[in-house]
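**Q** Quick one: the structure is below, questions incoming.
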Amino acid sequence: MDYLRQVGALVWKDLVVELRTRERVAAMGAFTVLVGILFSFAIDPSVVQPQDIASGLIWMTVIFGGMLGLGRTFHLEEDDGAFQCVLLSPIPRDALFLGKVIANFILLTVVTALVFVVFALFFDLGFGDHPLALAAVVLLGVLGFVAVGTLFSAMSARTTMGETLLPILVFPLLIPVVIYGATATSSLLQGLPVSEVDGNIRMLAAFALVALASGAGLFRFVVEE
Amino acid sequence: MSNRLRSLGVVLGFLGVLLVLVLHWQVFYWVATERSMGVVQRIFYIHVPAAWVAFMAFGIVALCGAGYLWLKDDRLDQAALSAAEGGMLFTTIVLLTGPLWGKVAWGVWWEWELRLTLTLLLWFIYLGYFLVRKSTENPQKGKRFAAVLGIVGALDIPLIHISVKWFRSLHPEPVVMNPDGPTAPPDMLITLFTGVAAFTCLFFCFFLLRYGLERMRHALVLREAGRPGGPVANGVAS
């Protein structure tokens with residue numbers, strides 16, 4: 001019970017900080033809308049229909065936009081040494097990790113919803129016949145992405161290369177999320193039945209679980225001084 | 001101890017080179033040509049052993065990394081680093097020989113098939129492994145980061161391996177580790193196992209020599225740190 005309260009306090013702290021600065025959500029939101037605009041100019045509609053490749057574009061936008069925000073997870077606290085104080089508090093490191101992941105997950109879910117709205121507007125996209133299955137695919141995919149991203153964001157923030165290193169470390173590990181997330185989204189947007197994406201949802205859940213468990217276990221070796 | 005390891009490494013190196021020569025004789029003169037793929041199939045005897053060694057090396061990286069995080073023993077980190085360097089070499093061999101075969105057999109250099117993707121991904125994980133080690137001010141931190149990356153990478157690989165079965169695959173079915181027993185004829189299997197033995201010997205030769213070098217470097221840093229006025233070994237002394 002204490003554990004949940006600690007995680008809750010950390011999530012609350014991160015969300016309040018984000019609410020006051022609005023730094024990361026604003027950056028990610030602006031980024032995703034602008035990427036939507038760029039994509040609509042980059043795609044030649046006489047060659048390929050944007051609707052056909054929308055699911056891939058959506059996932060790439062979420063991942064690139066997400067990297068922007070995830071890379072700065074520890075930035076604010078790192079700058080004025082506040083993270084040292086968080087580390088000094090008697091909170092287990094895995095609770096700290098889970099708190100960060102949940103806060104990031106909430107932020108990225110907001111951004112992902114924005115991506116879907118923007119792409120629906122720009123590319124005249126419906127959400128298919130199974131919005132619940134689509135939500136499950138997107139939320140599980142984002143959770144796995146955020147869990148991996150948060151762990152390695154803590155790592156890259158402590159290197160001399162900083163955020164440049166983050167995509168190099170994270171992208172290779174994200175391939176299952178991209179494959180299963182994008183194919184499932186594509187099937188659902190085309191209106192295929194949920195049974196088609198059953199396996200994808202299970203794989204995305206497995207990825208999220210592995211990422212969360214390994215991140216929670218290994219986080220203390222990353223933040224240790 | 002370190003001398004004995006080095007001698008063992010040299011012996012394995014000679015054995016590996018000898019086996020590579022035998023392998024080439026087998027590949028070019030001895031083994032039968034495969035019926036449907038023709039001569040190009042012979043690259044298989046280089047490609048598959050290299051892939052086995054590449055993945056085995058990654059297993060060593062992950063296990064030694066986990067051991068390092070647990071025991072904080074620098075020797076485990078040095079072993080992980082040595083295995084990673086050998087592993088990257090053999091992953092590169094897999095990625096070079098695969099397209100050569102694919103161009104003839106599939107008609108394209110590259111195919112986004114999951115086993116290929118997995119190997120390419122492995123290569124980039126190795127790349128990240130070396131980058132993250134080099135980019136910390138405190139070397140201890142770099143070693144821990146690298147170990148974490150190795151473990152997460154190793155956990156990710158089974159997920160992708162399962163996905164190989166999920167997706168329709170262009171890649172030839174496994175001919176040795178097949179659930180119904182090996183499907184290849186004996187001369188092909190013998191050639192394949194010569195390749196596996198040769199590359200395994202070479203890998204452990206590189207591994208031991210590299211490990212010995214890393215031990216010597218470590219000893220040197222410790223000696224310099226102990227000398228008055230010498231540079232301070234930044235957290236290297238364990």
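All of the numbers you see were taken from the coordinates with simple rules; none came from a lab. Owing to the predicted nature of the structure, the values given are computational and were not obtained by experimental measurement. We place every Cβ from the backbone using ideal geometry, glycine too, and count neighbours over all the protein chains shown.
**Q** Under a 5 Å amide H to amide H cut-off, with H placed in plane at 1.01 Å, what residues pair with B:A184 once short-range neighbours are removed?
**A** Here the answer is none, since no amide H 5 or more places off falls under 5 Å of that of B:A184.
**Q** Another one. Using the Cα gyration tensor of chain A, with a ≥ b ≥ c the square roots of its eigenvalues, what is the shape: rounded (a/c below 1.5), prolate (a/b larger than b/c) or oblate (neither)?
**A** On the way: a/c = 2.08, a/b = 1.65, b/c = 1.26.
Prolate, because a/c is 1.5 or more and a/b exceeds b/c.
**Q** Can you report the principal axis dimensions of the range A:116-225 using only the alpha carbons, biggest first, rounded to whole angstrom?
**A** Rounded to whole Å, the extents work out to 50, 29, 18 Å.
**Q** While we're here: Over the range B:1-110, calculate the relative contact order: mean separation of alpha carbon pairs under 8 Å at least 6 apart, over the residue count, as a percent.
**A** On the way: 73 pairs, mean separation 27.2, N = 110.
This gives 25 percent for the range B:1-110.
**Q** Quick one: angle between helix A:165-189 and the longest Cα principal axis of chain A, in degrees between 0 and 90, rounded to 10, please.
**A** So the inclination is approximately 40 degrees.
**Q** Still on this structure, I have one more. Can you compute the helix-only [θ] at 222 nm over chain A? Use -39500 (n - 2.57) per DSSP H run of at least 4 residues, normalise by all residues, nearest 500 deg cm²/dmol.
**A** Values: 9 runs with 182 residues, N = 225.
After summing the helix terms and dividing by the residues of chain A, the value is -28000 deg cm²/dmol.
**Q** Express the relative contact order of the range A:2-223 as a whole percentage, based on alpha carbon pairs under 8 Å and six or more residues apart in sequence.
**A** 28
**Q** At B:R227 and A:L19, where each label point lies 7 Å from the Cα along Cα→Cβ, what is the point-to-point distance in nanometres?
**A** 6.1
**Q** Whole-Hz ³J(HN,Hα) for each residue in the range A:217-225, computed from phi via Karplus 6.51 cos²θ - 1.76 cosθ + 1.60 with θ = phi - 60°, x for glycine and proline: what do you get?
**A** Karplus-based 3J(HN,Hα) across the range A:217-225 equals x, 9, 4, 5, 6, 7, 8, 4, 8 Hz.
**Q** So how tilted is helix A:131-157 from the main axis of chain A? Cα-based, degrees 0 to 90, rounded to 10.
**A** 40
**Q** Anything over 31 Å Cα to Cα? Flag those among B:K103/B:K143; A:K100/B:K141; A:K100/B:K134; A:K13/B:K134, in the order listed. Walk me through the intermediate numbers first.
**A** Values: B:K103/B:K143 39 Å; A:K100/B:K141 21 Å; A:K100/B:K134 26 Å; A:K13/B:K134 33 Å.
Those over the limit are B:K103/B:K143; A:K13/B:K134.
**Q** Please turn the phi angles of the range A:190-196 into ³J(HN,Hα) values with the Karplus equation 6.51 cos²θ - 1.76 cosθ + 1.60 (θ = phi - 60°), one per residue in order, whole Hz, x for glycine and proline.
**A** My calculation for the range A:190-196 gives 7, x, 6, x, 4, 4, 5 Hz in order.
**Q** Return the Cα extents of the protein assembly as shown along principal axes one, two and three, sorted largest first, each rounded to a whole Å.
**A** Between the extreme Cα coordinates on each principal axis of the protein assembly as shown lie 69, 67, 42 Å.
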